[in-house]
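See structure below.
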Amino acid sequence: MAINLKEGSDENTEMSEINVTPFIDVMLVLLIIFMVAAPLATVDIKVDLPASTATPQPRPEQPIVLTLKADQQLYLGNELIANPDQLAIELEKQTKGNKETTIFFQADKTVNYEDLINVMNDLRKTGYLKIGLVGLEAMGNNE
């Protein structure tokens with residue numbers, strides 16, 4: 001509370017207290033919004049990823065994730081890509097034609113190296129040259 005030390009002061013003087021109740025209300029609303037929105041931004045395809053000890057890069061707001069599973073099924077986000085020709089069409093839709101968009105590529109660690117390179121070649125043919133490889137973070141250098 002503010003204390004007025006003037007003896008002959010006027011009763012209509014302003015108090016310099018800050019009302020923090022609206023600030024707390026806004027913060028609680030933002031917390032609830034982020035708690036609801038965060039699970040919607042994840043991809044739900046289970047892949048056994050290899051680990052990496054590199055420093056992780058910041059994640060973009062709307063990443064485009066391409067997944068190659070152990071059974072050779074290819075997914076863009078959560079959608080199954082039936083054939084390589086469909087991959088180019090779906091990438092055009094999701095990136096809105098922006099070839100500078102980074103495509104995050106994750107593959108199961110049991111996938112054959114040739115199959116992984118074939119998918120990366122398909123990405124190159126469609127014009128997407130910025131490919132980010134996704135892996136798990138390793139706790140130490142010896143893992």
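If the reach is capped at under 30 angstrom between alpha carbons, list the lysines near Lys69, excluding any in the same chain fewer than eight residues apart.
Leaving aside lysines fewer than 8 places away in the same chain, those within reach of Lys69 are Lys46, Lys93, Lys96, Lys99, Lys109, Lys125, Lys130.
Rounded, prolate or oblate, given the Cα gyration tensor of the stretch 23-143, with a/c below 1.5 counting as rounded?
Because a/c hits 1.5 or more and a/b fails to exceed b/c, the stretch 23-143 counts as oblate.
With a 1.4 Å probe and all protein chains left in place, how much accessible area per residue does the stretch 85-135 have, in Å²?
For the stretch 85-135, the per-residue accessible area is 61 Å².
Of all accessible surface on the stretch 69-133 at a 1.4 Å probe, what whole percent is carbon and sulfur?
After summing per-atom areas, the C and S share lands at 50 percent.
The values are calculated or read from the model by the stated rules, or taken from the named source; none is laboratory data. For clarity, every value in this text was computed on a predicted model and none was experimentally measured. What goes into the accessible areas is simple: the full protein's heavy atoms, side chains included, and nothing from ligands, DNA or RNA. Shrake-Rupley method; radii C 1.70, N 1.55, O 1.52, S 1.80 Å.
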